[in-house]
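**Q** Once you've had a glance at the structure underneath, I'll fire off some questions.
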Amino acid sequence: MAYRIEDTSSSGTNGSLDEPALVQRAQRGDQAAFDTLFERHEHRIARYLKHMVGNDGISCDLTQETFFRAWQGLPGLRDPQRFVSWLYRIATNVAHNYLEQARRMQYVPWEDCQEERSELSTRRMEQHIEERELTQIALAQVSPTYRSCLILYVIEGLPQRKVAELLGMKESCVSKYVSRGKEEMRQIYQRLLSEGLPARQRGGKRK
């Protein structure tokens with residue numbers, strides 16, 4: 001189920017409010033206030049999820065799921081000042097859940113599925129992998145925790161202190177994970193280059 005923006009007459013007023021005030025209104029069930037929060041953060045959350053899962057189309061669905069979960073869980077948020085950090089943690093959990101499900105799907109006995117559906121899924125997967133850039137493929141194979149830090153610190157350009165706040169970890173861990181993530185991505189990138197495989201074969205999961 002996805003969260004959708006609805007047109008509301010009070011959205012203009014909400015746009016001028018600071019974030020904690022918007023969060024408090026949304027916690028009281030103000031749909032227009034949450035729509036404004038969605039508009040402010042949807043783009044960055046979508047971009048973050050795109051890098052997390054390596055698929056633009058899927059990231060759109062996961063973005064909707066993230067905001068739907070946020071809308072459901074908002075009454076339980078104790079500190080409105082920490083809304084953005086809380087939202088990123090929801091997005092991270094959504095991405096990790098998707099990646100875990102995708103990993104498990106590799107072991108589904110596809111021969112038991114309808115042949116047409118299986119062939120369609122295979123074609124879509126091959127087409128998606130062929131469209132990826134080599135760096136995106138490498139990033140998608142980096143360990144999820146390292147990947148989260150790399151995306152926020154390297155791609156989004158956030159300071160380590162902010163990354164630590166968004167992901168709910170110590171700042172010293174961010175520095176360590178970024179360093180390890182860079183090295184892991186470098187090794188994956190070099191391996192893909194040395195294999196010299198077609199794009200569709202580079203996307204295999206790292207063992």
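**Q** Using Cβ contacts closer than 10 Å as the measure, can you line up ARG82, ARG25 from fewest to most?
**A** Taking fewest neighbouring Cβ atoms as first place, the list is ARG82, ARG25.
**Q** Taking the Cβ of each residue in VAL53, VAL154 as the centre, tally the other Cβ atoms inside 10 Å and list the residues starting with the fewest.
**A** VAL154, VAL53
**Q** Taking the Cβ of SER179 as the centre, find all other residues whose Cβ is under 15 Å away and add up their charges (Lys, Arg: +1; Asp, Glu: -1).
**A** Charge balance near SER179 sits at +3.
**Q** So, counting K/R as plus one and D/E as minus one, what does the shell of residues with Cβ under 12 Å around CYS149 add up to?
**A** Surrounding charge for CYS149 is +3.
**Q** In the stretch 14-107, what is the volume of the convex hull around the alpha carbon atoms, normalised per residue and reported in Å³?
**A** Dividing the Cα hull volume of the stretch 14-107 by its residue count gives 87 Å³.
**Q** Could you please report the charge total around LEU74, scoring K, R as +1 and D, E as -1 over all other residues with beta-carbon less than 14 angstrom from its beta-carbon?
**A** +2
**Q** Rank the residues ARG147, ARG47 as a footprinting-exposure proxy: fewest other Cβ atoms within 10 Å of their Cβ go first.
**A** The order, fewest Cβ neighbours first, is ARG47, ARG147.
**Q** Also, I was wondering about something else. CYS60 to ASP18: extension gain in nm, 0.36 nm per residue of separation minus the Cα-Cα distance?
**A** So the chain would gain 12.5 nm between CYS60 and ASP18.
Each reported figure results from applying straightforward, stated rules to the coordinates on display, with no laboratory input. These numbers come from a predicted model, not from an experiment. Glycine gets a Cβ as well: all are built from the backbone with ideal geometry, and neighbour counts include every protein chain shown.
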